[in-house]
Amino acid sequence: MSLAAATVPTGAAGADGDVALRHLAVIMDGNGRWAQARRLPRVAGHRAGIEAVRRVVEAAPVLGIEVLTLYAFSAENWKRPADEVADLMGLLRHYIRSEIKELHRNGVRLQFIGDWRALKPDIVAMLDDARALTAGNDRLTLVVALNYGGQQELVRAARALAADVAAGVLAADAIDDAAIDARLDTAGLPPPDIVLRTSGEMRLSNFLLWQSAYAEFVVTETLWPDFDRAALESALAEFATRVRRFGGR
Ligand code: IPE
Ligand code: IPE
Ligand code: MG
């Protein structure tokens, strides 16, 4: 194989220097601090966070984003007090119930990543219905990470690979990056161009570990409930100044 023909990852900068943006992935953080600053219960911060979700979902396709992934509940968030977990699940129900028609009308295709099928059966049914209803839409793909952990996702992919090898449908030495990609929850989606985290923390917290190999990190001080279209535009402007090399020169 000629080296010159080696892989150019999708999403690489165009020849004119444009920084292509297809997929924005967001670690929505700071709801608790937003509430604490107002001497409100944490649930008030999560409720205000849903308003920020509405604003960003509306702005994303207008700003040219094809795929928007939102980290809503991590596999580690079960460690929080039971009442906060219950509040978050209640807000998830409320969001899907109140927004699904509007999302559908706006051409949003809803998908979920993470072990979301382990949530309460009524939520799983609601999420399944939302996926089925919006499956044909193509204005924006909204991916909600629920009970998601990047390590857990890789464990599930490894088990799927092992099962295929054991069944004789896959040779162990045929396992490559594409074979792993195809067994992740994000199969079929482009990798994130930006991983954006609000509220100033500089960590991944088990988000899209494999997929963000060449993502650009953008961290904003804005707390998630204060995030709006202007904050999103500033984050995209920062991304536009980055030079992506993908290991090249
Ligand atoms: C993000 O806000 C929402 C979830 C993780 C579900 P936090 O609840 O983590 O807010 P902080 O980090 O405590 O401010
Ligand atoms: C990451 O935020 C998870 C979500 C945004 C859903 P956390 O607030 O849970 O992350 P840590 O605990 O500060 O790393
Ligand atoms: Mg947090």
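The values are calculated or read from the model by the stated rules, or taken from the named source; none is laboratory data. Bear in mind that the values here come from a model prediction, so they are computed numbers and not experimental data. Counting neighbours? That spans all protein chains shown, and the Cβs are built from the backbone with ideal geometry, glycine included. Areas reflect the complete protein model, heavy atoms only, side chains present, ligands, DNA and RNA absent. Shrake-Rupley method; radii C 1.70, N 1.55, O 1.52, S 1.80 Å.
Pull out a ≥ b ≥ c, the square roots of the eigenvalues of the alpha-carbon gyration tensor of the stretch 130-177, then state rounded if a/c is under 1.5, prolate if not and a/b is larger than b/c, and oblate in the remaining case. Note, shape of the stretch 130-177 comes out prolate. For the chain, the solvent-accessible area works out to 52 Å² per residue, with a probe of 1.4 Å and every protein chain left in place.
When the Gaussian network model of the chain links Cα atoms closer than 10 Å, the mean-square fluctuations of Ala230, Ala157, Ala178 top out at Ala178. Comparing Ala132, Ala60, Ala82 in a Gaussian network model of the chain where C-alpha atoms under 10 Å apart are linked, the largest mean-square fluctuation is found at Ala82. Cα-based radius of gyration for the stretch 46-168, normalised by 2.2 N^0.38 Å, reads 1.15.
Calculated from the alpha-carbon coordinates, the stretch 136-217 shows an Rg and a Dmax of 14.9, 48 Å respectively. Once both labels are positioned 7 Å from their Cα atoms along Cα-to-Cβ, the gap between Lys120 and Val165 label points is 4.0 nm.
Restricting the trypsin sites (Lys or Arg not before Pro) of the stretch 29-69 to loop positions (DSSP other than H, G, I, E, B) with no more than 10 neighbouring Cβ atoms within 10 Å leaves Arg39. The phi torsions of the stretch 151-156, fed into the Karplus equation with coefficients 6.51, -1.76 and 1.60 and a -60° offset, translate into couplings of 5, 4, 5, 5, 4, 5 Hz, rounded to whole numbers, with Gly and Pro shown as x.
Ignoring ligands, DNA and RNA, what percent of the accessible area of the stretch 84-183 is carbon or sulfur (1.4 Å)? Exposed carbon and sulfur together represent 53 percent of the surface. Here, the stretch 10-106 has an Rg and a Dmax of 16.3, 52 Å when only alpha carbons are counted. According to the calculation over all Cα-Cα pairs in the chain, the P(r) per 5 Å bin from zero is 1, 6, 12, 16, 19, 17, 13, 8, 5, 2, 1, 0, 0 %.
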